[in-house]
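Trainee: Encoded as structure tokens, here's the structure I'll be asking about.
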Amino acid sequence: MGNLDRVELIAFDMFGTLARNGTDDWRPTMEEVVREQEMPVDPGEFWAVWSRYDVEFRKTRTNMANPAASPPFRSYWEAWRDAFTETFAEMKIAGDAEAAASRCVDALASRDAFPEAQEALDALGAMRPLAVLSNADDRFLYGTIARNNWEFSRVVSSEEARAYKPDPRIFVRFLQSAGLPPEAVLYVGDSPYDDAHGAKLAGMQAALVQRDQTTPGRTPPPSGAALLPPDYAVRELTEIPALFE
């Protein structure tokens, strides 16, 4: 269990935590890609093939045993472009991989907030400064922040840090930018591996939002990995202010 009296900053994951990023949000995007490029394929099958390459990217982008030996950083746009290229080749269809990747980025840049997000941010913002640390390209992270009229004391993306959660380097970069020791930050996210495990590995306090939703794109933890548990687990963001009381 953490010690919230020591918390000086509350940092949030963005997608799946503050902003929607479920299956129902992704399905229309893939349908648009297929329709716009007039592909002779079923959108569901197309998405299933593309998702395999996307998951492979997430599984291999960080060497958690030796983060410094991780593959060269690729933004989501670059990784998704490559995944579309591989999908087109596997399905033996022609397509514009760059346009498809840009369509995904545009869709993420316009994500809506969860219904309770603003209420929770207002309540928590009255208690502590708020920040964002997200696995995201700058383009769609800042786009979503602007769409929802949010303001944070600091925002750090994986693109800026050149590393992805749960890589300790992205958390170190965030802590350096905040000028705080790890235990002074409560990190709030929806992924047991990227968010809770990653934050705890970096020495932060962690709250896991356990939503009843299917979220594509979570990084699969290594087989048999023992994940560090969060300090707190909630169903909705509005439960977090009460933890401080």
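Trainee: Return the pairs, sorted by first residue and then second, in which the second residue is of a type in the set (D, E, K, R), the first residue lies in segment 104-118 and is closer than 12 Å to GLY22 by Cα, the beta carbons are less than 6 Å apart, and the residues are 6+ apart or on different chains.
Mentor: ARG111/ARG20; ASP112/ARG20
Trainee: Considering segment 123-140 alone, what residues qualify as being within 19 Å of PHE244 (Cα to Cα), of a type in the set (Gly, Ala, Ser) and in contact (Cβ under 8 Å) with a residue 60 or more places away in the chain?
Mentor: ALA123, ALA131
Trainee: Inside segment 141-245, counting only strands (runs of 3 or more DSSP E) that do not spill past its ends, which hold 1 or more residues that are among the basic types (Lys, Arg) and touching a residue at least 60 places away in the same chain (Cβ under 8 Å)?
Mentor: Values: elements: 154-157, 185-189, 205-209, 232-234.
Because the criterion is at least 1 residues that are among the basic types (Lys, Arg) and touching a residue at least 60 places away in the same chain (Cβ under 8 Å), no strands (runs of 3 or more DSSP E) in segment 141-245 meet it.
Quick grid of which residues meet (1) surrounded by 15 or more Cβ atoms within 10 Å (Cβ to Cβ); (2) more than 15 Å from the chain's Cα centre (by Cα); (3) assigned by TED's automatic domain parsing to the domain that holds LEU130:
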{"site": "ALA161", "(1), (2), (3)": "yes, no, yes"}
{"site": "LEU186", "(1), (2), (3)": "yes, yes, yes"}
{"site": "PRO192", "(1), (2), (3)": "yes, no, yes"}
{"site": "PRO229", "(1), (2), (3)": "no, yes, yes"}
{"site": "GLU236", "(1), (2), (3)": "yes, yes, yes"}
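Trainee: Take the residues of segment 35-91 that are of a type in the set (Ser, Thr, Tyr) and free of Cβ contacts under 8 Å to residues at least 24 places away in the same chain: which is farthest from PRO220 (Cα to Cα)? Before you say what the answer is, go through the steps one by one.
Mentor: The initial filter retains those residues of segment 35-91 that are of a type in the set (Ser, Thr, Tyr), namely 51, 53, 60, 62, 70, 75-76, 85, 87.
From what is left, the residues that are free of Cβ contacts under 8 Å to residues at least 24 places away in the same chain are 60, 85.
Working: THR60: 10, THR85: 22 Å.
Within segment 35-91, the match that is farthest from PRO220 (Cα to Cα) is THR85.
Trainee: May I ask you to verify whether THR23 is β-branched (Val, Ile, Thr), surrounded by fewer than 14 Cβ atoms within 10 Å (Cβ to Cβ) and under 20 Å from the mean Cα position of the chain (by Cα)? Please lay out each step first, then the result.
Mentor: Working: β-branched (Val, Ile, Thr): yes; surrounded by fewer than 14 Cβ atoms within 10 Å (Cβ to Cβ): yes; under 20 Å from the mean Cα position of the chain (by Cα): yes.
Criteria met by THR23.
Trainee: Yes or no: segment 138-157 includes at least one residue that is in contact with a Pro (Cβ under 9 Å, 6 or more places away or on another chain) and either of a type in the set (Lys, Arg) or within 24 Å of TRP26 (Cβ to Cβ) (or both).
Mentor: Keep residues of segment 138-157 that are in contact with a Pro (Cβ under 9 Å, 6 or more places away or on another chain), which gives 152-154.
Checking which are either of a type in the set (Lys, Arg) or within 24 Å of TRP26 (Cβ to Cβ) (or both) leaves us with 154.
Yes, that holds for at least one residue.
Trainee: Output the residues belonging to segment 1-59 that are over 19 Å from ALA131 (Cβ atoms) and hydroxyl-bearing (Ser, Thr, Tyr).
Mentor: Residues satisfying the conditions are THR23, THR29, SER51, TYR53.
Trainee: When the residues of segment 11-66 are filtered to those that are outside any loop (DSSP other than H, G, I, E, B) and among the basic types (Lys, Arg), which remaining residue is farthest from ALA120 (Cα to Cα)? Reasoning before the result, please.
Mentor: Taking segment 11-66 as the starting set, the residues that turn out to be outside any loop (DSSP other than H, G, I, E, B) are 11-12, 15, 19, 23-36, 43-60.
The next check asks that each one be among the basic types (Lys, Arg); those that pass are 27, 35, 52, 58-59.
On the way: ARG27: 28, ARG35: 38, ARG52: 35, ARG58: 30, LYS59: 32 Å.
Among residues in segment 11-66 that are outside any loop (DSSP other than H, G, I, E, B) and among the basic types (Lys, Arg), the one farthest from ALA120 (Cα to Cα) is ARG35.
The values are calculated or read from the model by the stated rules, or taken from the named source; none is laboratory data. The structure displayed is predicted, hence computed values, not measured ones. Positions of Cβ are backbone-derived with ideal geometry, glycine not excepted, and every protein chain shown enters the neighbour counts.
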